[in-house]
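**Student:** Structure in structure tokens, see below.
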Amino acid sequence: MKLSRRTALGGLAAAPLVFSIPRFAHAAEITLRYGNNLPLSHPLNIRAAEAAERIARETDGRAEMLIFPANQLGGDTDMLSQVRNGALTFFTPSSLVIATLVPTAAINAVGFAFKDYDQVWAAMDGPVGAYVRKSIADSRLHTLETIWDNGFRQMTTSGDPITTADSMAGLKIRVPVSPLSVSMFSGLGASPASLQFSEVYTALQTKVVDAQENPLPIIQVAKLNEVQTSCALTNHIWDGFWFVANGRQWSGMPEDVQEIVSRAINEAGLQQRADIRDLNASVRANLEGAGLAFNETDTDSFRARLREVGFYAEWQKTFGEEAWGALEGVVGSLT
Ligand code: X2X
């Protein structure tokens with residue numbers, strides 16, 4: 001992977017990554033611009049770069065996908081507007097973030113819904129994912145079939161370790177720009193602050209907030225362990241990234257290009273899931289080696305608190321029977 005000079009200098013101006021994309025004698029007819037919020041070393045960017053290479057090769061250079069990683073074009077909220085207005089062809093919002101536009105897209109993030117990855121993929125490659133993609137389509141965005149893995153979210157803090165629901169009282173915790181996250185952490189008694197991912201490291205460093213929550217691979221690639229002291233294993237939300245496309249640009253693409261692009265991105269997504277699974281086996285030890293302390297938590301206490309404050313009843317109503325029923329069909333009763 002080669003970086004363009006401006007990117008290597010710290011992304012002062014937005015310049016796409018230049019990967020080892022095959023060169024062709026002719027210029028591409030179709031340029032796909034893809035933006036995301038993650039550091040280069042995250043499997044999402046590594047596999048997206050491979051998809052870009054495959055798209056160029058399999059279309060004989062008719063189509064090219066330029067990748068703007070690591071919030072180069074702005075934070076999540078900015079990129080969501082850009083993919084809606086066509087400045088971006090693709091964006092990979094977390095299901096938490098696209099829910100600011102399509103509320104039911106947060107259905108997979110209901111607290112403590114999934115027991116394990118078998119349930120996650122049964123839901124997301126099955127009825128829950130189908131329901132969400134259909135809902136996103138109503139906003140004139142096209143969503144590719146394969147949701148990419150962010151992971152099970154864990155909590156970190158620079159204060160006292162988080163062990164039970166009582167640890168949450170008054171905790172200043174950063175959450176994504178996500179109504180469900182705010183509701184969940186308020187319900188647990190914390191003081192959540194919605195910030196885009198681009199602001200998280202600095203917010204923790206300057207103690208604007210004391211805590212945050214993210215899957216371990218993100219904590220590692222964003223080096224959040226430098227500004228946090230302990231990590232509580234809670235698995236409180238499973239989160240994924242939908243590959244969404246501007247509807248007009250998508251439907252304007254020739255069918256054969258659509259097919260090549262879909263296949264390249266969907267298959268890269270499956271490989272990205274496997275990368276996260278492999279990373280999950282080693283990331284805790286690596287973070288411990290870097291000085292982050294880990295502790296188990298009493299997850300039943302969190303669940304009980306959420307029930308007590310009516311979190312499940314409220315979100316069942318918000319999501320509606322169809323979405324809630326699709327989720328419970330896979331994971332069993334949540335209330
Ligand atoms: O912002 C976050 O915490 C992240 C990276 O997990 C999402 O994109 C929701």
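**Student:** Does region 26-43 contain any residue that is modelled with pLDDT of 95 or more, open to solvent by less than 10 Å² (accessible area, probe 1.4 Å), among the hydroxyl-bearing types (S, T, Y) and over 22 Å from the mean Cα position of the chain (by Cα)?
**Tutor:** no
**Student:** Among the residues of region 220-247, which ones are part of a helix (DSSP H, G or I), within 16 Å of the ligand (Cβ to nearest atom) and open to solvent by 10 Å² or more (accessible area, probe 1.4 Å)?
**Tutor:** Q220, V221, N225
Yes/no per residue for (1) under 30 Å from L66 (Cα atoms); (2) among the polar types (S, T, N, Q); (3) open to solvent by 20 Å² or more (accessible area, probe 1.4 Å); (4) in contact with a helix residue (DSSP H, G or I) (Cβ under 6 Å, 6 or more places away or on another chain):
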position: I218; (1), (2), (3), (4): yes, no, no, no
position: Q249; (1), (2), (3), (4): yes, yes, yes, no
position: D256; (1), (2), (3), (4): yes, no, yes, no
position: V261; (1), (2), (3), (4): yes, no, no, yes
position: N266; (1), (2), (3), (4): yes, yes, yes, no
position: T297; (1), (2), (3), (4): no, yes, yes, no
position: L306; (1), (2), (3), (4): no, no, no, yes
position: F311; (1), (2), (3), (4): no, no, no, yes
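**Student:** Tally up the residues in region 165-177 that are over 23 Å from N225 (Cβ atoms) and either touching a residue at least 24 places away in the same chain (Cβ under 8 Å) or among the hydrophobic types (A, V, I, L, M, F, W, C) (or both), please.
**Tutor:** Looking only at that region, the number is 4.
**Student:** So which of V330, V257 ends up being touching a strand residue (DSSP E or B) at 6+ places or on another chain (Cβ under 7 Å) and either under 30 Å from S81 (Cβ atoms) or assigned to a helix (DSSP H, G or I) (or both)?
**Tutor:** V257
**Student:** Let me ask something additional. Among the residues of region 153-171, write down those that are over 18 Å from E288 (Cα atoms) and open to solvent by 10 Å² or more (accessible area, probe 1.4 Å).
**Tutor:** If the condition is that a residue be over 18 Å from E288 (Cα atoms) and open to solvent by 10 Å² or more (accessible area, probe 1.4 Å), then T164, D166, S167, A169, G170, L171 are the ones that fit.
**Student:** Here's something else I'd like to know. Among the candidates D125, D118, D78, which residue alone is among the charged types (D, E, K, R) and within 15 Å of the ligand (Cβ to nearest atom)?
**Tutor:** D78
**Student:** Given A113, A109, which one is within 16 Å of the ligand (Cβ to nearest atom), surrounded by 19 or more Cβ atoms within 10 Å (Cβ to Cβ) and over 21 Å from I265 (Cα atoms)?
**Tutor:** Result: A109 is the single residue among A113, A109 that is within 16 Å of the ligand (Cβ to nearest atom), surrounded by 19 or more Cβ atoms within 10 Å (Cβ to Cβ) and over 21 Å from I265 (Cα atoms).
**Student:** Just to verify a result, which residue in region 172-189, among those that are more than 11 Å from the ligand (Cβ to nearest atom) and open to solvent by 10 Å² or more (accessible area, probe 1.4 Å), is nearest to A304 (Cα to Cα)?
**Tutor:** Selected residue: G187.
**Student:** I'm told I98 meets every condition in (1) within 16 Å of the ligand (Cβ to nearest atom); (2) surrounded by fewer than 23 Cβ atoms within 10 Å (Cβ to Cβ); (3) over 23 Å from A274 (Cα atoms) except one. Can you identify the failing condition by its number?
**Tutor:** (2)
**Student:** Being more than 10 Å from the ligand (Cβ to nearest atom), closer than 23 Å to A293 by Cβ and assigned to a strand (DSSP E or B) is the filter here; which residues of region 193-214 pass it?
**Tutor:** A211
**Student:** Now for a separate question. Show the residue pairs meeting these rules: Cβ distance below 6 Å; 6+ apart or different chains; first residue within region 199-220 and closer than 29 Å to A281 by Cβ and among the hydrophobic types (A, V, I, L, M, F, W, C); second residue open to solvent by less than 10 Å² (accessible area, probe 1.4 Å) and more than 10 Å from the ligand (Cβ to nearest atom).
**Tutor:** Partner pairs satisfying both residue conditions: A211/T157; A211/I173; L216/V283.
**Student:** So L73 passes all but one of these: (1) in contact with a Gly (Cβ under 6 Å, 6 or more places away or on another chain); (2) open to solvent by less than 10 Å² (accessible area, probe 1.4 Å); (3) of a type outside the set (S, T, Y). Which condition number does it fail?
**Tutor:** (2)
**Student:** Please work out which one of (1) open to solvent by 20 Å² or more (accessible area, probe 1.4 Å); (2) within 23 Å of G35 (Cα to Cα); (3) within 15 Å of the ligand (Cβ to nearest atom) is the condition E145 fails and give its number.
**Tutor:** Of everything listed in (1) open to solvent by 20 Å² or more (accessible area, probe 1.4 Å); (2) within 23 Å of G35 (Cα to Cα); (3) within 15 Å of the ligand (Cβ to nearest atom), E145 misses just condition (3).
**Student:** Could you please let me know if V261 is at pLDDT 95 or above, within 16 Å of the ligand (Cβ to nearest atom) and at negative phi?
**Tutor:** No, not satisfied.
The values are calculated or read from the model by the stated rules, or taken from the named source; none is laboratory data. The shown structure was predicted, so the numbers you read here are calculated from the model rather than taken from an experiment. Methodologically, a virtual Cβ is constructed for each residue, glycine included, from the backbone with ideal geometry; neighbour enumeration extends over all protein chains shown. Just so you know, the surface numbers come from the protein's heavy atoms only, side chains and all, with ligands and any DNA or RNA stripped out. Shrake-Rupley method; radii C 1.70, N 1.55, O 1.52, S 1.80 Å.
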